[in-house]
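The values are calculated or read from the model by the stated rules, or taken from the named source; none is laboratory data. Everything numeric in this text was worked out from a predicted model, so none of it was measured. Here the Cβ positions follow ideal geometry from the backbone for every residue, glycine too, while neighbour counts run over all protein chains shown. All accessible areas refer to the heavy atoms of the entire protein, side chains included, with ligands and DNA or RNA removed. Shrake-Rupley method; radii C 1.70, N 1.55, O 1.52, S 1.80 Å.
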Amino acid sequence: MTDLTDAMADLDEQKVLNIVNEQIRTNKPVQILDELRRGLDIVGNRFSKNEYFLVELVMSADIFKKAMAIVEPKLLATQRASAKGKVVIGTVQGDIHYIGKNLVVAFLKSNGFEVYDLGEDVPPEKFVDTLKKTGSSILALSGLITTTHDVMRTTIEALKTAGIRKKVKVMIGGGDIGEEIVKYTGADAFGRDALSAVELAKKFTAGTK
Ligand code: B12
């Protein structure tokens, strides 16, 4: 475990920001974000074991946001010129976790995708409206709590009802999502991290997935 992961897990805001500020000059932004994410995983485990409570979860999110504000400009600076495709993204209804979704947004943008970010707690009809309005052919759904699997399914059903399911590729991610949840929700694919989201979006655009 790195010092940065440790400091994040221990909610030592000053230490996290010091390390990030120091490392951003030399280190790759993707690596910094990965170390921070590992720290958040530890926070989540401590929360499950009742070693941390809601107040610590809130603190962890706050520290991550401050660190992200330092890292994001560096990430976006690597942006490649041409737009590769349009992606509509959001955290599904009933879920307010957006840190992971925001990372996916930053990675997609830095890889040249045009991204319509609807935020968190997004109802199915808002996804449908935005897909129609923007003509996007990719939908990315994020959800971290187990109950969101049903909401993802309902959201994808709403695409079918609106007659646009065949025109839109759907990827899902967040939490313990795997192949069986892809089947359950009716999505096309899942990704475990922001880099896989980019890989999937590229494959969707190229027609290879
Ligand atoms: C920070 C945090 C919070 C913050 C969220 C701040 C915010 N606005 O985002 C706050 C305090 C608000 C919060 C609230 C709650 N939380 Co919370 N939270 C976390 C924590 C510690 C970290 C989440 C995080 O940001 N991770 C870092 C990011 C970078 O990782 P990520 O989200 O997984 O995203 C990555 C991948 O999943 C992927 N990805 C994400 N989205 C997508 C989408 C696509 C398309 C693709 C391809 C990939 C992809 O790429 C991302 C980047 O690598 C997790 C623990 C954990 N291990 O995840 C618990 C956790 C998710 N929370 C949990 C719970 C229970 C809750 C609450 C219900 C607590 C409560 N009693 O109120 C509420 C939920 C309220 C609601 N209705 O949503 C549980 C969920 C359990 C479950 N399986 O259902 C967890 C797992 C903690 C635990 N171990 O118990 N939480």
For this session: Output the residue which, of all residues in the range 1-25 that are outside any helix (DSSP H, G or I) and in contact (Cβ under 8 Å) with a residue 24 or more places away in the chain, is surrounded by the fewest Cβ atoms within 10 Å (Cβ to Cβ).
Result: MET1
Exercise. Which number in (1) of a type outside the set (S, T, N, Q); (2) within 12 Å of the ligand (Cβ to nearest atom); (3) open to solvent by less than 30 Å² (accessible area, probe 1.4 Å) marks the one condition that GLY112 misses?
Worked result: (2)
Exercise. Which one of the conditions (1) within 11 Å of the ligand (Cβ to nearest atom); (2) open to solvent by less than 50 Å² (accessible area, probe 1.4 Å); (3) touching a residue at least 24 places away in the same chain (Cβ under 8 Å) does GLY44 fail to meet, given that it meets all the rest?
Worked result: (3)
Exercise. Here are some residues: THR91, THR78. Which one is at pLDDT below 95 and β-branched (Val, Ile, Thr)?
Worked result: THR78
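State all residues of the range 191-202 that are touching a helix residue (DSSP H, G or I) at 6+ places or on another chain (Cβ under 7 Å) and either open to solvent by 60 Å² or more (accessible area, probe 1.4 Å) or more than 6 Å from the ligand (Cβ to nearest atom) (or both); if no residue qualifies, say none. Steps first, please.
Our first condition is that a residue be touching a helix residue (DSSP H, G or I) at 6+ places or on another chain (Cβ under 7 Å); within the range 191-202, this holds for 191, 194-195, 197-198, 201.
Selection gives LEU195, VAL198, ALA201.
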Problem set entry | Meets criteria (without any contact (Cβ under 8 Å) to a residue 40 or more places away in the chain and more than 29 Å from ARG38 (Cβ to Cβ)) for GLY178 | no
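Every residue, every condition in (1) open to solvent by 40 Å² or more (accessible area, probe 1.4 Å); (2) under 14 Å from TYR98 (Cα atoms), yes or no:
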position	(1), (2)
PRO123	no, no
VAL128	no, no
THR134	no, no
LEU141	no, yes
THR146	yes, no
ALA158	no, no
MET171	no, no
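Regarding the range 50-65, can at least one residue be identified that is open to solvent by less than 60 Å² (accessible area, probe 1.4 Å) and farther than 23 Å from LEU144 by Cβ? Working first, answer last.
Of all residues in the range 50-65, those open to solvent by less than 60 Å² (accessible area, probe 1.4 Å) come to 52, 56-57, 60-61, 63-64.
Now restrict to residues that are farther than 23 Å from LEU144 by Cβ: none.
Scanning the range 50-65 turns up no residue that is open to solvent by less than 60 Å² (accessible area, probe 1.4 Å) and farther than 23 Å from LEU144 by Cβ.
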